[in-house]
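First up is the structure itself, then whatever we jot down about it.
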Amino acid sequence: MSRAGRWARRWYAAWRASRLGTRLAFGLGAVALVVFAIVGTLTVGLMQDYLSRRLDDQLKTSQVSQVPHLRTSTDNPETVYSWYSAVFAVSNGSAVMQPGGALPSDPQPLVKVAEEAAKGDIYRTVYLKGEGDYRVRACPVDTDEGGTGTVLLSAAPQADLDNTVRQLVFVEVVAFLIALTILVMAGRLVLRRGLRPLADMAGTAHDIASHDLTATANLPVRASGDGGGAEVEELRTAFNLMLSHIEASLAARTVANERLRRFVADASHELRTPLTSIRGYADLFQYAAANEPAEREAHLSKIRAETARMSVLVDDLLLLARLDSHDAEHPVRPEQMNVTELATAAADAFRAGRPHHPLTTRLPDDAVVLQADPMRVRQVMDNLLANAAVHTPDGTPVELSLSIEGGEAVVRVTDAGPGITPEDQQRIFDRFYRVDNSRTRAAGGTGLGLSVVHSLVVEHGGAVSVESQPGRTTFTVRLPR
C-alpha cells in the first residue's frame, strides 16, 4: 500500500473513531466550504467580467470621442491615463505608426492588432513584454473597402483590474475562513447541546450495565430530561419502552425460573414419596416371601398402588411439559365432538367410582357440538369431578351442568363442600398447590389435577375460573364453539 493510501486509511479510522458531534460539525464545515468556494468563484468571475466590460466601455468612449476630430486633422491622439494610444496608417495589410503616438518599446503586438482593425473594431488582450497584460481596442478612423486608411489604437493596462480581483479574492478567502471557523465552532457547541440527550441515554445504558440483573429484574433507571427535538424525544420514548419491555421480560423470566425451580422441587418430592413406599414394601416383600404368602400378596398390592399413583403423576407431568413446549407431537387433536355425550359418560363414570358422593346433572336435550379434543375435554371433566370428591367429605352433593352461553359451551362442576379461601383461589390452578386447611384431601393426590385442567382449557382457547364460599364451590369451564 502506498504512503498516501496508508495516510488515508489512518485518517478514515480516526474519523470513524471521533464523536458524532465532531463529525457532524466538520461535515457541516465541509459543506459550508464547498458553498463558499462556489459563491466565491461566482463572485470573482462576475466582478472580473464587470470590470473588463467597464474597461472596454472606457476604451470605446475615449476612441469614439476622438475619431471625428482625427478624420479632419493630423493632430496626435489623446493620451488617457497611462494608456498607450497611436494612429496607424494601414496599407496592403501593413500598419505603420504615425508620428505623435505613444507606444511601448516593443510595439509589435499592437501593430498586429492595428493591421486586423482596418475592417472593423477589435477588442484584444495582449501581453507586452516587461509591462504585462493590456486591453487593446482598435477601430478604423478613415479606411476604404480595401482596408487602406488610418486606424486608432488604444491600450489600457489590466494591472489595476487584476489587482482589484486579487484583493477581492483575498478578502473573500479571509472572510470565508473566518466564517467557516465560526460556523464549525458554533455548530460544535450547538450540536453538543443538541446531542446531550443522546449522551444522557448512553449514560443510562452504562448505569444499567453496572447493575447486577441476575439478582433482580428491576431496572431502576430511565432516560429522563427533555429537549433535543421531536426525533430525540421519539428516541427517548422508544428507549424507555425498550427498558420497560426488558424489565418485564426479565421479571417474567425470573418468575418462570422460580416456577421451574419450585416445580422441579415439588415433582422430586412427589416422586420421592411413592418411591420410598415402593422401596419399603419391596424390603417387606423380600422378608414376607420366605414366611407368610398372604402378607406377601398384601405387600405386592401396596407396591402396585404406589406404582399406579406414580404413573398418574408422571403422566400429568408429561402432559404439562408437552403443553408448555408445543412440540411436534401435540397432545391436543381437535375434531367435531358432542359435549353432551361426554358429560353423560363422565357423570356415569363418577357415579360408579364415587358412590358416596351423590351427583346430579343438568344437561341440554340437544347435542352441543364444538371443535375440540374429546379425550382431553373428558379429562377436564373427570379431573374437576374427582377434585370435588377428593376435597369434600362423603355424602357431599356434586352437580355437573352444561349450557350454551353466547358462542361458548359452559361446563360447571359445583359441590357443597367447605369452600376455598380467597387466598387459595388465587393459586388454586398452580402446579402442586394444595389447599391444606378446610379442604384436606381424603385420599392421596398429586396437586396437578387443576393445573392440567387449566392448561388443557387454555390450549383449546377457553378459560377456567372458580367461585367459592362456605357451602358452595363452582368451577366454570368456557370452551369456544
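The values are calculated or read from the model by the stated rules, or taken from the named source; none is laboratory data. This one's a predicted model, so the numbers in the text were calculated from it and none came from an experiment. Cβ atoms come from the backbone with ideal geometry, glycine included; neighbour counts cover every protein chain shown.
Listed by first and then second residue, the pairs with beta-carbon distance under 6 Å, at least 6 apart or on different chains, first residue in the range 409-426 and part of a strand (DSSP E or B), second surrounded by 20 or more Cβ atoms within 10 Å (Cβ to Cβ) and of a type in the set (Phe, Trp, Tyr), are Val413/Phe475. Return the only residue of Thr72, Thr41 being loosely packed, with under 13 Cβ neighbours inside 10 Å and modelled with pLDDT of 90 or more. Result: Thr41 is the single residue among Thr72, Thr41 that is loosely packed, with under 13 Cβ neighbours inside 10 Å and modelled with pLDDT of 90 or more.
For the range 61-81, the criterion of being in contact with a helix residue (DSSP H, G or I) (Cβ under 8 Å, 6 or more places away or on another chain) and on the phi > 0 side of the Ramachandran plot is satisfied by no residue at all. Residues in the range 366-387 that are touching a residue at least 40 places away in the same chain (Cβ under 8 Å) and more than 19 Å from Ser455 (Cβ to Cβ): Val368, Val369.
Condition first: closer than 13 Å to Arg378 by Cβ and either in a helix (DSSP H, G or I) or at pLDDT 90 or above (or both). Can you find one or more residues in the range 311-324 that meet it? No; the residues of the range 311-324 include none that is closer than 13 Å to Arg378 by Cβ and either in a helix (DSSP H, G or I) or at pLDDT 90 or above (or both). Just one of the listed residues (Thr164, Thr181) is closer than 23 Å to Ala32 by Cβ, assigned to a helix (DSSP H, G or I) and among the hydroxyl-bearing types (Ser, Thr, Tyr), and it is Thr181. Taking the range 435-459 as the range and being more than 13 Å from Met381 (Cα to Cα), in contact with a Leu (Cβ under 9 Å, 6 or more places away or on another chain) and either among the aliphatic types (A, V, I, L, M) or at pLDDT 90 or above (or both) as the test, the residues that pass are Leu448, Val458. Note on the range 343-381: among residues that are in contact with a helix residue (DSSP H, G or I) (Cβ under 6 Å, 6 or more places away or on another chain) and among the charged types (D, E, K, R), the one that is farthest from Gly417 (Cα to Cα) is Arg376.
Just one of the listed residues (Gln371, Gln379) is closer than 15 Å to Val458 by Cα, outside any helix (DSSP H, G or I) and assigned by TED's automatic domain parsing to the domain that holds Gly417, namely Gln371.
Given the options Ala294, Ala345, name the one that is in a helix (DSSP H, G or I) and either at pLDDT 75 or above or surrounded by 15 or more Cβ atoms within 10 Å (Cβ to Cβ) (or both). Answer to the selection: Ala345.
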